[in-house]
Structure formats: structure tokens, C-alpha cells
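Enquirer: This is the structure, below, for whatever I ask next.
The values are calculated or read from the model by the stated rules, or taken from the named source; none is laboratory data. Since the structure is predicted, the reported quantities are computational estimates derived from the model, not experimental observations. Virtual Cβ from ideal backbone geometry, glycine too; neighbours counted across all protein chains shown. Keep in mind that these areas ignore ligands, DNA and RNA; they rest on the heavy atoms of the full protein, side chains included. Shrake-Rupley method; radii C 1.70, N 1.55, O 1.52, S 1.80 Å.
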Amino acid sequence: MPVQVILSKQGPLPLTINFSAVSDAPVTLEVNGSVWTQTANNLIGIQVAIDGGAVGKAQIFSNGASTHRTVVPAYIPLQLKFGQHSLTLSALPGTSTTSDFNDFYTAVLHY
């Protein structure tokens, strides 16, 4: 299965990158990364948006404070049109999600 790495970058969030879809076939977007919170016992995560619209999220529940946590990878099915698109990763709205230069992110399209 061909893959296209569209983002491999250090934080903090938000991160936006433009990419070119090499096909209009169905794809799966895989998103990985880390985030943290200043308070214990909180759901934290990454919101994933394509072309300005939220398409999914990658989350983790953090029992401890001030510790970077790897989110559970998100696998998001998409149907992109051939050509230019934008991907934005941001802190999950409504949560105490924090990120900084110690957090790293990857996004891969699986064709």
C-alpha cells in the first residue's frame, strides 16, 4: 500500500501544512503526536482538520499533570480530490490540551 508522509514536524500546535493529494481514490489519514496538560485527570488530544473542516481527533486520557502523552493514533477515512489541500492539527477544543517544542507530530496518507 503506497503512503504519503504529509507532515513530520515539531510543535507547538497549531500546525498547518499544505499538501498535494496524488490521487482521488479513498485514503486513510493516520495522525500521531504528543500533547500534555497542566492538570491531572483530563482528556486531551489533537483535532484534525482538512481544508478548514474538522475530520477527526486523536486522544488520550491523562491521569497525571505536566507529562507529555502520546495520543492513540487516529485513522480517518477520507475521500480527497486530486490536488492541493491543507491539514491543520490543533489542540482538542474544550480540553486543557497543551503542546510545546517538546511535542512531535506525524500525518500520513495511506492509499
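Enquirer: Suppose the filter is touching a residue at least 60 places away in the same chain (Cβ under 8 Å), part of a strand (DSSP E or B) and closer than 21 Å to T98 by Cα; does I44 pass it? Lay out the reasoning, then the answer.
Expert: Numbers: touching a residue at least 60 places away in the same chain (Cβ under 8 Å): no; part of a strand (DSSP E or B): yes; closer than 21 Å to T98 by Cα: yes.
Against the criterion (touching a residue at least 60 places away in the same chain (Cβ under 8 Å), part of a strand (DSSP E or B) and closer than 21 Å to T98 by Cα), I44 does not qualify.
Enquirer: Then there's this: Collect the residues in the stretch 92-104 that are within 16 Å of S66 (Cβ to Cβ) and under 14 Å from the mean Cα position of the chain (by Cα), keeping them in residue-number order.
Expert: Taking the stretch 92-104 first, the residues within 16 Å of S66 (Cβ to Cβ) are 95-103.
Answer for the stretch 92-104, where residues must be within 16 Å of S66 (Cβ to Cβ) and under 14 Å from the mean Cα position of the chain (by Cα): T97, T98, S99, D103.
Enquirer: OK, next. Restricting attention to the stretch 74-96, which residues are open to solvent by 20 Å² or more (accessible area, probe 1.4 Å), under 12 Å from Q47 (Cα atoms) and touching a residue at least 12 places away in the same chain (Cβ under 8 Å)?
Expert: Listed by number, the residues that qualify are T88, S90, A91, P93, T95.
Enquirer: Shifting gears a bit: With respect to the numbered conditions (1) more than 18 Å from G94 (Cα to Cα); (2) among the hydrophobic types (A, V, I, L, M, F, W, C); (3) surrounded by fewer than 18 Cβ atoms within 10 Å (Cβ to Cβ), which one is the sole condition not fulfilled by A49?
Expert: The failed condition is (1).
Enquirer: Consider S23 against the criteria (1) among the polar types (S, T, N, Q); (2) open to solvent by less than 50 Å² (accessible area, probe 1.4 Å); (3) part of a strand (DSSP E or B): it satisfies all of them except one. Which criterion is unmet?
Expert: Exception for S23: condition (3).
Enquirer: Follow-up. Regarding S66, is this residue on the phi < 0 side of the Ramachandran plot, at pLDDT 95 or above, surrounded by fewer than 18 Cβ atoms within 10 Å (Cβ to Cβ) and among the hydroxyl-bearing types (S, T, Y)?
Expert: No: the conditions fail for S66.
Enquirer: Within the stretch 33-41, is even one residue open to solvent by 80 Å² or more (accessible area, probe 1.4 Å), assigned to a strand (DSSP E or B), at pLDDT 95 or above and farther than 22 Å from I6 by Cβ?
Expert: no
Enquirer: Which ones in the stretch 97-111 are assigned to a loop (DSSP other than H, G, I, E, B) and either in contact with a Cys (Cβ under 6 Å, 6 or more places away or on another chain) or open to solvent by 30 Å² or more (accessible area, probe 1.4 Å) (or both)? Steps first, please.
Expert: Taking the stretch 97-111 and keeping what is assigned to a loop (DSSP other than H, G, I, E, B), we get 97, 99-103, 111.
Within the stretch 97-111, D100, F101, N102, Y111 qualify.
Enquirer: So which residues in the stretch 47-67 are under 15 Å from the mean Cα position of the chain (by Cα) and either in a loop (DSSP other than H, G, I, E, B) or hydrophobic (A, V, I, L, M, F, W, C) (or both), if there are any at all? Please lay out each step first, then the result.
Expert: Here is the first cut: in the stretch 47-67, the ones under 15 Å from the mean Cα position of the chain (by Cα) are 47-60.
Within the stretch 47-67, V48, A49, I50, D51, G52, A54, V55, A58, I60 qualify.
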